[in-house]
1. Would you please list the contacts, defined by Cβ atoms under 9 Å and residues six or more apart or on different chains, that run from a residue in the range 165-190 that is closer than 17 Å to Arg217 by Cβ to a residue that is charged (D, E, K, R) and part of a loop (DSSP other than H, G, I, E, B)?
2. Every residue in the range 28-62 that is under 27 Å from Leu197 (Cβ atoms) and either in contact (Cβ under 8 Å) with a residue 12 or more places away in the chain or of a type in the set (Val, Ile, Thr) (or both), please.
3. Tell me, yes or no, whether the range 44-61 has at least one residue that is surrounded by 13 or more Cβ atoms within 10 Å (Cβ to Cβ), in a helix (DSSP H, G or I) and charged (D, E, K, R).
4. Looking at Glu14 and the list (1) assigned to a helix (DSSP H, G or I); (2) of a type outside the set (Lys, Arg); (3) modelled with pLDDT of 95 or more; (4) out of contact with any helix residue (DSSP H, G or I) (no Cβ under 9 Å at 6 or more places or on another chain), which single condition is not satisfied?
5. Can Leu165 be described as in contact with a helix residue (DSSP H, G or I) (Cβ under 7 Å, 6 or more places away or on another chain), over 30 Å from Lys99 (Cα atoms) and either hydrophobic (A, V, I, L, M, F, W, C) or assigned to a helix (DSSP H, G or I) (or both)?
6. Being in a loop (DSSP other than H, G, I, E, B) and of a type in the set (D, E, K, R) is the filter here; which residues of the range 181-205 pass it?
7. Test Lys99 against the stated conditions and say whether it is under 17 Å from Leu48 (Cβ atoms), outside any helix (DSSP H, G or I) and at pLDDT 95 or above.
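The values are calculated or read from the model by the stated rules, or taken from the named source; none is laboratory data. This is a predicted model, so every value here is computed, not measured. Glycine gets a Cβ as well: all are built from the backbone with ideal geometry, and neighbour counts include every protein chain shown.
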Amino acid sequence: MTSRTQGAARPLTELAGKFGGRFSSELGIKLSGLHADDIFKWLLASVLFGARISQAVAKRTYAEFEKANVTSPGAVLRTGWDGLVDILDRGGYARYDFKTATKLLDMSRSLLDEYRGDLNELHMRSADSLELEARIKALAKGIGDVTANIFLREMRGLWRKAEPLPQELVLAAARDFGLVPRGLRGGKNVLEMLLQLWQEEGGSRTDFADLESALLRAGLLLRRRKAKSGGAGAEKRQLV
């Protein structure tokens, strides 16, 4: 990959354009209006992306949920466990179909019972970023750190309390591009530096997820290259 020193003339927006920005936008989900239906769609997609499964299968499976019009908590509950398994299988999610169907049912039921089906209310009732993440994970057994991070990353700048730390893949790509010093440690420090660079180029917190997602995609490519070259301990897990 090219270092920032070698390619300093290329703005970060160009980097985001090259590798691709927000995954929610790629799926046709518009979060900027903060509509409850759209935010739930992104949470549904985040659950799919959070498993040990390829991006392609997760995207294809989300498309099957869209086709079936099962993109709201009520629709998930009406579809039931067997119906959800069918949708997951059509998308190629067979390896995780049973437990994911259960997770989606529990998540939807919790959201309706505790927050009237509106994730905005969950955000409003959270005291800070830590409680927000904890409430997301408490919606259902199996919603862990990875899924919560995927979801909250693209809510950054839209929800005031959405402040997840960057995933390790993002940190690795940022260092590889020379955006942050290789010796800089701590996700919070790296996040602050990346935000500053993004804003210096005219970006905002609202669209910072485009850069973060691009760096994650670049980090995936970097990891694959290391795996192909026999890098010791290279993970095969594909996270979003």
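1. Here the result reads Arg175/Arg182; Asp176/Arg182; Phe177/Arg4; Leu179/Arg4, each pair linking the range 165-190 to a residue that is charged (D, E, K, R) and part of a loop (DSSP other than H, G, I, E, B).
2. Ile29, Leu31, Ser32, Leu34, Trp42, Ser46, Phe49, Gln55
3. Yes, some residue in the range 44-61 is surrounded by 13 or more Cβ atoms within 10 Å (Cβ to Cβ), in a helix (DSSP H, G or I) and charged (D, E, K, R).
4. (3)
5. No, not satisfied.
6. Those that are in a loop (DSSP other than H, G, I, E, B) and of a type in the set (D, E, K, R): Arg182, Arg185, Glu201, Arg205.
7. When the stated conditions are applied, Lys99 does not pass them.
One line per residue, one yes/no per condition, for (1) of a type in the set (Gly, Ala, Ser); (2) over 20 Å from His35 (Cα atoms); (3) in contact with a His (Cβ under 8 Å, 6 or more places away or on another chain):
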position: Ala101; (1), (2), (3): yes, yes, no
position: Leu112; (1), (2), (3): no, no, no
position: Lys141; (1), (2), (3): no, yes, no
position: Ala148; (1), (2), (3): yes, no, no
position: Glu163; (1), (2), (3): no, no, no
